[in-house]
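Values quoted throughout were computed directly from the atomic coordinates according to the rules given, and no laboratory measurement underlies them. Since the structure is predicted, the reported quantities are computational estimates derived from the model, not experimental observations. Here the Cβ positions follow ideal geometry from the backbone for every residue, glycine too, while neighbour counts run over all protein chains shown.
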Amino acid sequence: MTASYHFHGDLVSLLRPHWRHATPVVQPVTRAASIKDVIEAFGLPHTEVGELTCNGRPIDFSWPVESGQRFEIFPILPPWDVTQPTRLRPVPLPCLRFVVDVNVGGLARALRMAGFDTLYDSSWSEQRILRLAEEESRLVLTRNLDLLKRKQVIFGRAVRAHRPADQLREVLNLFAIDQPPQPLSRCLQCNTPLQPVAKAVVLHRLEPLTARYFNTFHLCQHCDKLYWAGSHVDRMRRFLHEVP
């Protein structure tokens, strides 16, 4: 007595290697389990699933698997609006903001550069990331599939790309964002929104050439990092311009 599972789109690439060449996957039903448990046993995090059907009927993650059933598992497709309730995620996020783990640390900097509210620290434990995702209603970005299977993670993305620029492009495409929200408006070090500061207030901190050629400055009120539109800003603007 078996059930069959048809994985659509690029979900196949996230299955354990043993299952990637079986279409559909047919398995004996040997115990009581929800479709969520079975999907994740194949290696696929529930966060990657956008729609589920059983014998053609839309279902949610709690659906019990029984013999003779045929499941269709579909990926999340852009544009993904995480602020709208769905059958699989009835409680939406209040807004789009992220927590990023160490596997895609470069993406955190790129997202902050683009103006997205993005929490990241390379020293954070998995438990800290899960707590932030749950308590602050944040979407988890990672390449760690096991992290995305944790029950605290309702919204997440297994990042496919490897380079930060390509990862940022992947995120923008997933949410159908044509332009970053507020480029260069956040501290790249700690994510805090930057505040304008008068040159006279920070003059004692400036190198002579910086004081001579620049007049507009922004300060992070949290970590006290000072920003101005030097050559590094031109490089970041080129980076963001080339991403979409």
Exercise. What is the local net charge at Trp63, summed over the other residues whose Cβ is closer than 13 Å to its Cβ (Lys, Arg +1; Asp, Glu -1)?
Worked result: -1
Problem set entry | Mean ellipticity per residue at 222 nm, deg cm²/dmol - from DSSP H runs of n ≥ 4 across the chain, formula -39500 (n - 2.57) | -7000 deg cm²/dmol
Problem set entry | Per DSSP, loop GluC sites (Glu not before Pro) in the stretch 43-152 with at most 12 further Cβ within 10 Å | Glu66
For this session: Could you sort 105-118, 201-214 so that the peptide with the highest average Cβ count within 10 Å comes first and the rest follow in order?
Result: 105-118, 201-214
Seminar exercise, completed: With +1 at each Lys and Arg Cβ and -1 at each Asp and Glu Cβ, the charge dipole magnitude of the stretch 2-75 around its Cα centre, to the nearest 20 debye, comes out at 220 debye
For this session: Tally the DSSP beta bridges in the chain and give the antiparallel ones as a percent, rounded to 5.
Result: 60 percent
For this session: Would you kindly work out the equivalent ellipsoid of the stretch 2-75 from its C-alpha gyration tensor and give its semi-axes, the square roots of five times the eigenvalues, largest first in whole Å?
Result: 16, 14, 11
Problem set entry | J(HN,Hα) series, the stretch 157-166, from Karplus relation 6.51 cos²θ - 1.76 cosθ + 1.60, nearest Hz, glycine and proline x | 9, 7, 5, 8, 5, 10, 7, x, 5, 5
Exercise. Taking Lys151 as the anchor, which lysines have their alpha carbon closer than 26 Å to its alpha carbon, excluding any fewer than eight residues away along the same chain?
Worked result: Lys36
Problem set entry | Whole-Hz couplings from phi, Karplus 6.51/-1.76/1.60, listed for the stretch 67-81; x for Gly and Pro | 5, x, 8, 10, 9, 10, 10, 10, x, 6, 10, x, x, 8, 9
Problem set entry | Gyration tensor verdict on the stretch 49-192 (Cα atoms; rounded if a/c is under 1.5, prolate if a/b is larger than b/c, oblate otherwise) | prolate
For this session: Report, in debye and to the nearest 20, how large the dipole of the chain comes out about its Cα centre when Lys and Arg carry +1 and Asp and Glu carry -1 on their Cβ.
Result: 460 debye
Exercise. Which residues in the stretch 114-153 have a backbone N closer than 18 Å to a point placed 7 Å from the Cα of Ser185 along the Cα-to-Cβ line?
Worked result: 114-119
Exercise. Points 7 angstrom from Cα along the Cβ direction at Gln127 and Arg16: gap in nanometres?
Worked result: 2.7 nm
Exercise. Which of the lysines could be linked to Lys199 by a straight reach, that is with a Cα gap under 24 Å, when you skip same-chain ones fewer than 8 residues away?
Worked result: Lys225
